[in-house]
Amino acid sequence: MSFRVTNETQLAAAQRNLQASQQKLYQLDTQASTGLKITVPSDDPTGTSNLLQVQQQLAQNTQYQRNAQDGGGWLTTTSTTLSSVNTALTQLRDLTLQAANTGASSPSSQSAISDQMTAIKQSLLSLANTQYLGRNIFAGTSAASSAYNADYSFNGTAGATVQRRVGPDTTVRVDTNGSTVFGSGSSSVFALIDTITGDIASGTNVGSQLGAIDTFMSSVQGAEATAGAAQDQLQTASSTLTASATSLQSSQSNLRNVDTSQVILEMQTQQVAYQTALAVTAQSLQSTLMDYLK
């Protein structure tokens, strides 16, 4: 059994080949003008899927970096504040020790010491109400205008913490519970200062209060260590995220961007092939007298 290849069949095949060559030329021209391998998903369905995955990972990475930056700012504010609190408590301890030495202090000196202690209390209250971007750093998730009220009551919520996610499975706590640093109400450092100044005014020896001050100082130092450890964790996470972002950006570039010089070379090659196909097709489809005699 034999098959006859007619001019119509040859023409259809030639048209298909030429159209495919034209489409390839168009695709190469688009890549050269846009610099992109993929302009529509149909250009490369698999590449499009991979590109979308990389872009999603990049978006997550960017959010994690923002979280780490925000957490770093929060913790930096906390560390600076705690350092000032520690300095204030050291001054309070020195003044208390000085007031306890009644033999070396006159009534006027004791009054001056009380005034300094009151100033330290006000400073500590201000530090306890420190905010970062409108949030009380010592009151966790509380929306209250301040961490501490004028009566020394604490506005934080027990167990409520501020976390920053810096990875799919990694979060870092960035707040510090004010009640563990400053206490609350009658058991706060502010109330302790009131007690000390009251004892000074009544002539009571305040040496016994040094232990209470030392306890608060230990709490502050513990909070500083915790904040420092959290800062280290964020810095490590930030470095990892930066490296990951560089790798993802490289992958995105490889999937999305073309090598312009390579595309131009392919265009030239494809153009020559197209022109050759045109010439060959024109020659092969020329009608002869024999075609009409069949």
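Out of 123, 197, 134, whose Cα points farthest toward the positive end of the dipole of the stretch 106-210 (charges: +1 Lys, Arg; -1 Asp, Glu; placed on Cβ)?
Of the candidates, 134 comes out farthest on the positive side.
List the residues, sorted by chain then number, that are 5 or more residues from residue 171 or on another chain and whose placed amide H is less than 5 Å from its amide H.
166
Values quoted throughout were computed directly from the atomic coordinates according to the rules given, and no laboratory measurement underlies them. Everything numeric here is computed off the predicted structure, so don't read it as measured data. Neighbour counts run over all protein chains shown; Cβ positions are idealised from the backbone, glycine included.
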